[in-house]
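The values are calculated or read from the model by the stated rules, or taken from the named source; none is laboratory data. Everything numeric in this text was worked out from a predicted model, so none of it was measured. Ideal geometry is used to build each Cβ from the backbone, glycine not excepted, and the neighbour counts take in all protein chains shown. To get the accessible areas, we keep the full protein, side chains included, count just its heavy atoms, and leave off ligands, DNA and RNA. Shrake-Rupley method; radii C 1.70, N 1.55, O 1.52, S 1.80 Å.
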Amino acid sequence: MGSGAGRAERNPRATAFRWTLRLVVVVYLVLLVAWPVSLVVTKTFEDFSTFTDLFSDPDTVHALKLTVIVAAASVVINTVFGVVISLLLVRYEFRGKRILSPLIDLPMAVSPIVVGLSLVLVYGGRDGWFGPWLEANGLQVIFAVPGMIMATTFVALPLVVRELVPVLEEVGVEQEQAAASLGAGPFQTFRRITLPAIKWALIYGVVLSLARSLGEFGALKVVSGNILGETRTATLVVEEQYLNFNQAGAYATAFLLTIVSVACIVVVTIIRPKEDRER
Amino acid sequence: MMWFSLLVLIPLVAIVVTASEGGWSGFADALTNEQTAAAIRLTVGMAFLVTAVNVVMGTTIAWVLVRDRFPGQRFLEVLIDIPFALPTIVAGLVLLSLYGPDSPLPVDIANKRSAVFVAFLFVTLPFIVRTVQPVLEELERDVEEAAMSLGASRFTTFRRITLPSIIPAIAAGAALAFARAVSEYGSLVLLSGNLPMKTEVTSVRILSSIENDNLVGAAAVATILLGISLLVIVTFDLLQRRLVRRG
Amino acid sequence: MSIEISNVGKRFGDFVALDDVTVSIPAGSLTALLGPSGGGKSTLLRIIAGLEHADSGRVEIEGVDATSLPPQKRDVGFVFQHYAAFKHLSVFRNVAFGLEIRKRPKDEIKARVDELLELVHLDQFGDRLPAQLSGGQRQRMALARALAVEPKVLLLDEPFGALDAKVRKELRDWLRRLHDEVHVTTVFVTHDQEEALEVADEIVVINEGRVEQIGTPDALYDEPESDFVMSFLGPVTTLRGQLIRPHDIELRTTEAPAARAGTVSRLVRVGFEVRVDVVSADEVTTVSLTRAEARSLGLEEGTAVWLEVAPGAQVRTPGATAPGSGTPTTAGSR
């Protein structure tokens with residue numbers, strides 16, 4: 001009875017304290033996030049024609065398409081492997097499990113530049129470990145789309161797993177065992193019991209991965225070679241345009257990326273309370 | 001496993017192996033190179049500073065989001081996650097538009113060290129908030145009420161009852177924030193100017209080695225960077241265990 | 001009077017938790033706030049503790065107006081349903097907490113905590129963490145913690161609600177004995193009428209934010225002022241449209257002049273008790289018999305029986321507002 005929301009404060013000092021904290025937090029977030037991000041919007045709308053011009057420049061359009069392809073591919077890969085790895089981590093005992101679980105988080109702590117470098121060292125066409133052999137067999141990885149997908153996948157790797165593992169742990173095995181005792185096969189159990197239970201967490205992880213993948217910059221810069229009209233992505237376009245004194249263009253492209261990432265976050269925020277309600 | 005190895009493990013091992021190809025002298029060269037040393041000092045120093053700010057602000061924000069109720073709170077929730085989803089290059093651009101030469105405010109941090117600070121602050125914002133928030137939500141109100149009915153003031157209750165419960169979360173978030181700051185690259189490209197000896201961070205330094213085809217040198221610096229991240233993550237973990245045990 | 005609550009009201013949004021509640025709690029007594037969950041009894045307890053503020057009305061503790069005092073300054077001990085143990089502190093430090101806050105000397109704290117741990121039979125467990133205790137032990141620790149600061153009043157919010165039936169019963173007896181030793185004014189909230197009847201000196205029945213009746217366990221049980229109190233304090237059935245307790249009905253297998261005729265429709269045995277449903281003209285009456293009684297009467301489904309009110313028993317006319325409206329009716333008066 002009596003949630004925190006209904007608690008009346010009669011103590012004036014406590015009320016003042018509460019308001020001070022509120023104010024500090026709001027000012028901090030406005031200065032650090034809300035105001036800067038809103039400027040991208042206003043700067044874009046100062047001259048809206050640059051925004052529409054974006055879509056008439058074939059190189060930019062190519063970059064946008066490439067961004068979508070790379071992000072989509074890495075999201076698909078991360079979703080499938082994310083589910084598999086989460087199930088492995090939560091439901092099965094195997095040797096090396098204790099090492100694997102912190103390793104999954106590793107990509108969060110590695111500089112995107114280092115990610116790029118590491119991929120170049122292994123898959124680089126000239127003197128990487130596997131690169132020359134792959135290239136001899138007709139597969140160019142570095143400075144090409146496969147390498148870009150790998151870099152993006154690497155960077156966004158932990159997101160799905162991090163969302164799924166706690167939910168899988170909370171759901172427990174009872175329902176799955178019940179399904180199995182009712183005669184459901186492993187695949188049926190997964191599709192009809194496990195998947196619905198982790199649905200929201202999965203969507204949450206996928207949306208976050210999508211945002212992260214669309215916005216990858218550092219690792220792509222190293223891996224893609226940034227070739228105009230071939231391997232340049234949207235984020236690289238922003239840098240290029242800005243450094244070439246095409247500020248309006250840079251802002252317009254940035255605006256597009258901002259819209260997408262903010263949309264992702266809003267979707268995620270809307271999903272989250274639903275998850276709470278189900279509990 | 002195979003897939004994970006090909007994508008993550010082998011490439012990371014490759015960095016350490018390549019770095020060690022240069023032998024100890026490779027590391028020594030990297031560290032004694034004045035420009036590299038300056039970059040590492042700047043990166044680590046700023047990362048510590050930003051982590052410290054985040055410990056205070058992140059905890060405060062989490063507290064307000066969990067314990068206070070006011071209109072527009074959902075909006076703040078969205079703001080917290082934006083740095084996580086916004087492409088880093090765009091993050092740099094938006095910060096430049098508010099704090100750069102064309103700023104509507106009487107500040108200009110472009111190409112200054114403070115630019116590194118602000119950029120780190122932006123990209124690390126969600127970490128402590130998002131690790132502390134669920135723990136605070138789980139924390140039972142009645143424990144704090146018990147302390148208050150025993151005569152503890154709000155502050156004492158926070159320090160002696162609430163804080164010990166959320167310290168593990170703060171430490172975990174701080175480790176993530178630190179690791180993120182140390183490895184940051186994208187948001188600095190446009191904002192800090194990457195001036196050698198002044199605003200150049202380690203990631204930028206590694207990139208320029210790559211662009212100069214000095215992969216061994218790049219790998220050496222990258223290994224050092226990985227080592228620092230690992231060290232800090234382990235230290236925070238130990239620190240948290242000790243603090244919790246002491247109560 | 002130790003606690004005076006006058007005209008207290010409290011809402012949560014549209015929900016009226018308490019509506020103009022006035023209660024006096026005598027010093028040194030053990031009082032139960034009894035009622036269904038959501039009825040407002042916990043809110044009233046939290047208002048006494050200062051954990052919740054009343055929207056209107058006044059709270060006085062030992063003659064001091066406490067209406068707007070924060071919980072820290074009320075000098076009350078509060079025990080929570082889910083123990084509210086300080087998980088990171090040992091049992092000893094949990095109990096010592098309030099004394100440490102009051103900056104008592106170390107040796108005084110030690111002596112007092114040791115004494116209390118002995119009182120609650122936890123003297124062997126001082127170094128343990130709460131997680132290493134059972135539920136009942138944790139609740140005893142919470143009680144010692146609340147008593148350590150020598151509060152003017154001790155407040156317990158469903159203190160045994162999270163424990164299993166056996167431990168509940170033990171702790172209930174133990175609380176009664178503890179109260180007889182310590183004599184601190186104690187108020188506890190419960191939704192279990194048996195617990196209230198067994199432990200309390202006085203019971204305040206609260207329902208839908210209002211006080212239904214205040215009185216000793218006997219008074220409430222024998223002279224309920226409302227249908228609600230009657231049905232909440234024990235099982236109730238109807239005979240000739242009157243409310244009556246199932247064990248206050250006499251059942252015979254031979255015809256009696258003024259008794260009501262009916263047929264046994266169902267027999268349920270629960271331990272020593274047998275519940276007999278009897279269908280008569282327009283109602284189903286439940287009668288409670290002992291195992292031996294039921295057996296000697298040779299009851300089974302379909303047996304013809306006659307029911308009448310046992311001598312000295314109470315009946316109530318539904319909807320009546322005063323007690324005793326159905327003062328002992330002798331058999332055949334109607």
So how many residues does region C:2-28 have that are on the phi < 0 side of the Ramachandran plot and more than 14 Å from chain A (Cβ to nearest Cβ)? 13
Region B:113-204: helices (runs of 4 or more DSSP H) wholly inside it with 2 or more residues that are of a type in the set (S, T, N, Q) are B:113-138, B:154-157
Open to solvent by less than 60 Å² (accessible area, probe 1.4 Å) and either among the β-branched types (V, I, T) or more than 24 Å from C:P151 (Cβ to Cβ) (or both) - does that describe any residue in region C:170-178? no
Here the residues within region A:256-266 that are more than 9 Å from chain B (Cβ to nearest Cβ) and touching a residue at least 12 places away in the same chain (Cβ under 8 Å) are A:L256
Residue count, region B:189-201 (criterion: more than 7 Å from every other protein chain (Cβ to nearest Cβ), over 14 Å from the mean Cα position of the chain (by Cα) and either among the β-branched types (V, I, T) or open to solvent by less than 10 Å² (accessible area, probe 1.4 Å) (or both)): 3
Tally up the residues in region C:183-207 that are outside any strand (DSSP E or B), open to solvent by less than 60 Å² (accessible area, probe 1.4 Å) and of a type outside the set (D, E), please. 6
Hey, C:L267 hits all of (1) over 25 Å from C:E195 (Cα atoms); (2) of a type in the set (A, V, I, L, M, F, W, C); (3) within 26 Å of the chain's Cα centre (by Cα) but one; which does it fall short on? (3)
Please go through region B:98-132 and give me each residue that is surrounded by 22 or more Cβ atoms within 10 Å (Cβ to Cβ) and either among the polar types (S, T, N, Q) or within 14 Å of chain C (Cβ to nearest Cβ) (or both), ordered by number. B:T124, B:T131
Would you be able to say whether some residue in region C:215-225 is among the β-branched types (V, I, T), without any contact (Cβ under 8 Å) to a residue 60 or more places away in the chain and under 25 Å from C:E293 (Cβ atoms)? no
Given (1) within 14 Å of chain A (Cβ to nearest Cβ); (2) touching a helix residue (DSSP H, G or I) at 6+ places or on another chain (Cβ under 7 Å), index of the condition B:V234 fails: (2)
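From the set of residues in region C:61-72 that are more than 8 Å from chain B (Cβ to nearest Cβ) and over 14 Å from C:L44 (Cβ atoms), which is surrounded by the fewest Cβ atoms within 10 Å (Cβ to Cβ)?
So the residue we want is C:G63.
Are any of the residues in region B:62-79 under 15 Å from the mean Cα position of the chain (by Cα) and open to solvent by less than 10 Å² (accessible area, probe 1.4 Å)?
Narrowing region B:62-79 to residues under 15 Å from the mean Cα position of the chain (by Cα): none.
No, region B:62-79 has no match at all.
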Residues within region A:69-103 that are more than 10 Å from every other protein chain (Cβ to nearest Cβ) and among the aromatic types (F, W, Y), tallied: 1
Tally, over region B:75-97, of residues that are under 18 Å from A:R212 (Cβ atoms) and more than 8 Å from every other protein chain (Cβ to nearest Cβ): 2
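Residues checked against (1) farther than 21 Å from C:E150 by Cα; (2) modelled with pLDDT of 90 or more; (3) not in a loop (DSSP other than H, G, I, E, B):
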position: C:G38; (1), (2), (3): yes, no, no
position: C:S42; (1), (2), (3): yes, yes, yes
position: C:L45; (1), (2), (3): no, yes, yes
position: C:I48; (1), (2), (3): no, yes, yes
position: C:E52; (1), (2), (3): yes, no, no
position: C:S68; (1), (2), (3): yes, no, no
position: C:Q72; (1), (2), (3): no, no, yes
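Going residue by residue through region B:225-244, is there one that turns out to be in a loop (DSSP other than H, G, I, E, B) and either farther than 25 Å from B:E21 by Cβ or open to solvent by 20 Å² or more (accessible area, probe 1.4 Å) (or both)? Working first, answer last.
First, pick out the residues of region B:225-244 that are in a loop (DSSP other than H, G, I, E, B): none.
No: zero hits.
Confirm whether A:E93 is farther than 26 Å from B:S209 by Cα and open to solvent by 50 Å² or more (accessible area, probe 1.4 Å).
yes
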Looking for something assigned to a helix (DSSP H, G or I) and either among the β-branched types (V, I, T) or surrounded by 19 or more Cβ atoms within 10 Å (Cβ to Cβ) (or both) - is there at least one such residue anywhere in region C:83-90? no
Among the residues of region A:82-122, which ones are without any contact (Cβ under 8 Å) to a residue 40 or more places away in the chain and farther than 26 Å from B:A177 by Cα? A:V84, A:L88, A:Y92, A:E93, A:F94, A:R95, A:G96, A:L121, A:V122
Unique residue being touching a Pro at 6+ places or on another chain (Cβ under 7 Å) and open to solvent by less than 20 Å² (accessible area, probe 1.4 Å) when the list is A:V114, A:V122, A:V110, A:V70: A:V122
Mind checking which pairs have a first residue in region A:176-205 that is of a type in the set (K, R) and a second that is assigned to a loop (DSSP other than H, G, I, E, B), Cβ under 7 Å, 6 or more apart or different chains? A:R192/A:A184
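Identify all residues within region C:162-177 that are among the charged types (D, E, K, R), assigned to a helix (DSSP H, G or I) and without any contact (Cβ under 8 Å) to a residue 40 or more places away in the chain; write none if there are none.
Of region C:162-177, the ones among the charged types (D, E, K, R) are C:164, C:166, C:168-170, C:172-173, C:176-177.
Retained after the next criterion (residues that are assigned to a helix (DSSP H, G or I)): C:166, C:168-170, C:172-173, C:176-177.
Listed by number, the residues that qualify are C:K166, C:R168, C:K169, C:E170, C:R172, C:D173, C:R177.
Scan the helices (runs of 4 or more DSSP H) fully inside region A:123-192 and keep the ones with 3 or more residues being more than 13 Å from chain B (Cβ to nearest Cβ) and either of a type in the set (D, E, K, R) or closer than 21 Å to A:S101 by Cβ (or both).
Working: elements: A:131-136, A:145-171, A:174-181, A:186-189.
Passing ranges, in order: A:145-171.
Sort out which residues of region C:294-323 are assigned to a loop (DSSP other than H, G, I, E, B) and open to solvent by less than 40 Å² (accessible area, probe 1.4 Å), and write them in order of number. Don't jump to the end; show me each part of the working.
From region C:294-323, those assigned to a loop (DSSP other than H, G, I, E, B) are C:298-303, C:310-314, C:317-323; that's our starting set.
Those that are assigned to a loop (DSSP other than H, G, I, E, B) and open to solvent by less than 40 Å² (accessible area, probe 1.4 Å): C:L299, C:T303, C:A310, C:A313, C:A320.
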Of the residues in region C:29-60, those that are open to solvent by 40 Å² or more (accessible area, probe 1.4 Å), within 9 Å of another protein chain (Cβ to nearest Cβ) and of a type in the set (S, T, Y) come to C:S37
Among the residues of region A:150-173, is there at least one that is open to solvent by 50 Å² or more (accessible area, probe 1.4 Å), among the hydrophobic types (A, V, I, L, M, F, W, C) and without any contact (Cβ under 8 Å) to a residue 40 or more places away in the chain? no
Confirm whether A:A219 is within 14 Å of chain B (Cβ to nearest Cβ), of a type in the set (G, A, S) and over 17 Å from A:V76 (Cα atoms). yes
Answer yes or no as to whether A:F143 is in the same structural domain as A:T253 (by TED's automatic domain parsing) and more than 28 Å from B:V189 (Cα to Cα). no
Looking only at residues in region C:1-28 that are among the hydroxyl-bearing types (S, T, Y) and open to solvent by 10 Å² or more (accessible area, probe 1.4 Å), which one is farthest from C:P224 (Cα to Cα)? C:S6
